[in-house]
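A short worksheet on the structure shown next.
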Amino acid sequence: MTESDVSDPLDDPSEDRRTTAPGTVTVGSGSGPTFGVSALAELEAVERAYTIACASGERTTARWTGVPALELLDTTSTPPETTHLRLASHDGYCVCLPIHDALDGIVAYARDGELLGDTERYSLRFLAADISGERLVKGLRRIEPVELDANDDPDRLETVTLDTPTY
Ligand SMILES: Nc1nc2c(c(=O)[nH]1)N[C@H]1C(S)=C(S)[C@@H](COP(=O)(O)O)O[C@H]1N2
Ligand SMILES: [Mo]
């Protein structure tokens, strides 16, 4: 398969891993607005405690600093029919959340007062309350609005099992 065979970027979650610089998040499905850590830090910050609960039983709670997903989505036009947001990572990981749940979250760049890029291999992360740890995407690369029918399965747009996890 050649690149031109990929007509719908949703068919290939890793489609633009080569073209989007690590450490930036792009909002929308096209080329539009892209934020690195310094651009995010210029926006009004929120600080919230979130617990990351893994299916294995491990739990960690920290104080995260970032920008509400809602604010970022407001920087571009989002189709009113949007039902879900697809959150994709630089490592190919990808989840699809109901828009209501996703907009309640933040794109974080710091944890317990330290830039993520100083202590982790990623610099941006999605965090939200009442979302399983599995869905709190590290190395966030893109926030993409999608429109699903009631009988469409959002899992179809997810990639949560990586052969070689990066983070
Ligand atoms: N990009 C990416 N995000 C990811 C994962 C991953 O493999 N890649 N693993 C998920 C899982 S299963 C869990 S439990 C949490 C773990 O986050 P932590 O390493 O900060 O505890 O990250 C989630 N986010
Ligand atoms: Mo996990």
Out of contact with any Pro (no Cβ under 9 Å at 6 or more places or on another chain) and outside any strand (DSSP E or B), is that true of GLU47?
no
Read through the list (1) assigned to a loop (DSSP other than H, G, I, E, B); (2) modelled with pLDDT of 95 or more, then give the number of the only condition that THR164 fails.
(2)
All but one of (1) more than 13 Å from ligand 1 (Cβ to nearest atom); (2) surrounded by 15 or more Cβ atoms within 10 Å (Cβ to Cβ); (3) not in a helix (DSSP H, G or I) hold for ALA108; state the number of the condition that does not hold.
(1)
Conditions (1) at positive phi; (2) in contact (Cβ under 8 Å) with a residue 60 or more places away in the chain; (3) of a type in the set (D, E, K, R) -> ARG48 fails only (1)
Out of LEU40, LEU85, report the one residue that is of a type outside the set (Val, Ile, Thr), more than 11 Å from ligand 1 (Cβ to nearest atom) and either more than 17 Å from the chain's Cα centre (by Cα) or assigned to a helix (DSSP H, G or I) (or both).
LEU40
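Residues checked against (1) basic (Lys, Arg); (2) modelled with pLDDT under 95:
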position	(1), (2)
ARG18	yes, yes
THR26	no, no
ALA41	no, no
GLY92	no, yes
VAL95	no, no
GLY105	no, no
ARG111	yes, no
In this structure, is ALA55 surrounded by fewer than 18 Cβ atoms within 10 Å (Cβ to Cβ) and touching a residue at least 60 places away in the same chain (Cβ under 8 Å)?
yes
Contact list please: Cβ distance under 6 Å, first residue in the stretch 134-155 and acidic (Asp, Glu), second residue more than 16 Å from ligand 2 (Cβ to nearest atom) and assigned to a strand (DSSP E or B), pairs at least six apart or on different chains.
GLU144/ARG86
When GLY113 is evaluated against the numbered criteria (1) within 16 Å of ligand 2 (Cβ to nearest atom); (2) in contact (Cβ under 8 Å) with a residue 40 or more places away in the chain; (3) surrounded by fewer than 18 Cβ atoms within 10 Å (Cβ to Cβ), which criterion, by number, is the only one it fails?
(1)
Subset of the stretch 123-142 (residues that are of a type outside the set (A, V, I, L, M) and either within 15 Å of ligand 2 (Cβ to nearest atom) or at pLDDT 95 or above (or both)):
SER123, ARG125, PHE126, SER132, GLY133, GLU134, ARG135, LYS138, GLY139, ARG141, ARG142
For the stretch 66-83, does any single residue satisfy the condition of being buried (at least 18 other Cβ atoms within 10 Å of the Cβ) and without any contact (Cβ under 8 Å) to a residue 60 or more places away in the chain?
yes
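The values are calculated or read from the model by the stated rules, or taken from the named source; none is laboratory data. Small disclaimer: the values here were computed from a predicted structure and weren't measured. Ideal geometry is used to build each Cβ from the backbone, glycine not excepted, and the neighbour counts take in all protein chains shown.
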